[in-house]
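A short write-up of the structure that comes next.
The values are calculated or read from the model by the stated rules, or taken from the named source; none is laboratory data. Since the structure is predicted, the reported quantities are computational estimates derived from the model, not experimental observations. FYI the Cβ positions are ideal-geometry reconstructions off the backbone, even for glycines, and counts take in every protein chain you see.
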């Protein structure tokens with residue numbers, strides 16, 4: 001319990017990387033608007049975990065952002081790998097962002113995800129999530145913290161946090177920004193049991209072709225999952241913008257699991273990952 005409390009306090013002193021773009025929208029928008037975007041993700045990496053194959057996504061999205069802070073959006077993700085091509089994911093997002101003071105902001109959000117039954121990305125057993133965050137910007141660094149729950153056959157609790165600083169050139173409506181960011185993800189991994197059981201095809205079948213019973217050990221433990229180093233570069237005009245978000249993920253604490261009814265034990269092999277998201281959007 002002391003270890004969990006320490007991790008929670010440490011991560012709460014950092015900012016959720018997810019909230020940076022949401023926070024920018026809520027602060028810079030004085031009117032309601034629609035936002036259409038198209039982005040490319042070079043590989044689907046989830047808290048430092050990934051499939052053995054590269055899983056790139058093209059994702060168009062459309063959202064409505066109300067001046068009250070409410071937002072709703074939908075995204076379709078098309079998988080375009082060397083071995084598979086299909087619509088792999090449809091997701092709906094609902095959020096509410098608000099300012100407590102000039103330096104302190106917060107928000108709540110929810111997500112519902114619909115993965116293709118053939119999807120093998122690490123997060124494909126997650127049916128949805130909900131959570132909240134706060135950010136505090138005293139000027140030198142932006143700090144914050146948040147907590148979320150993700151739902152598969154069981155519920156996972158996670159804490160995400162980051163520490164960042166924004167360097168900007170130009171004025172609002174014609175501005176370039178770069179934000180060196182350090183992010184940490186911690187939580188449980190109950191969804192991992194479902195992923196290995198239902199999606200990880202390379203481990204499900206043994207040499208005779210029979211399906212293995214896979215048991216992932218200690219997925220309900222709250223642990224540090226990964227560190228991520230990012231360097232987001234954005235350009236924001238009044239009615240459009242673009243961004244490039246390169247990320248280097250360093251996973252921690254591999255799980256172990258058994259197959260062949262417990263006769264064979266395998267330790268997860270984790271590798272550092274570099275991936276990037278590139279996108280463009282318009283507001284109307």
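For the reader, a short list of remarks on this structure follows.
- Among the residues making up region 257-284, those that are at pLDDT below 95 and assigned to a strand (DSSP E or B) are 257, 258, 259, 264, 265, 266, 267.
- Tally, over region 137-152, of residues that are part of a strand (DSSP E or B) and either touching a residue at least 40 places away in the same chain (Cβ under 8 Å) or surrounded by fewer than 17 Cβ atoms within 10 Å (Cβ to Cβ) (or both): 7
- Residue under evaluation residue 16, criteria (1) more than 26 Å from residue 239 (Cα to Cα); (2) under 18 Å from the mean Cα position of the chain (by Cα); (3) at pLDDT below 90, criterion not met: (1)
- Here residue 220 meets each of (1) surrounded by 16 or more Cβ atoms within 10 Å (Cβ to Cβ); (2) touching a residue at least 40 places away in the same chain (Cβ under 8 Å); (3) in contact with a helix residue (DSSP H, G or I) (Cβ under 8 Å, 6 or more places away or on another chain); (4) over 28 Å from residue 60 (Cα atoms) with one exception, condition (1).
- Taking region 153-213 and the strands (runs of 3 or more DSSP E) fully enclosed by it, the elements with 3 or more residues that are surrounded by fewer than 16 Cβ atoms within 10 Å (Cβ to Cβ), touching a strand residue (DSSP E or B) at 6+ places or on another chain (Cβ under 7 Å) and modelled with pLDDT of 90 or more are at 167-171, 174-178.
- A count restricted to region 101-126 and to residues that are outside any strand (DSSP E or B), within 28 Å of residue 68 (Cβ to Cβ) and in contact (Cβ under 8 Å) with a residue 24 or more places away in the chain stands at 1.
- Only one of 119, 105 that is over 24 Å from residue 168 (Cα atoms) and touching a strand residue (DSSP E or B) at 6+ places or on another chain (Cβ under 9 Å): 119
- Flag if residue 74 is at pLDDT 90 or above, closer than 30 Å to residue 200 by Cβ, assigned to a strand (DSSP E or B) and more than 14 Å from the chain's Cα centre (by Cα): yes
- Just one of the numbered conditions (1) surrounded by fewer than 18 Cβ atoms within 10 Å (Cβ to Cβ); (2) touching a helix residue (DSSP H, G or I) at 6+ places or on another chain (Cβ under 8 Å); (3) within 19 Å of residue 151 (Cβ to Cβ) is not true of residue 98: (3).
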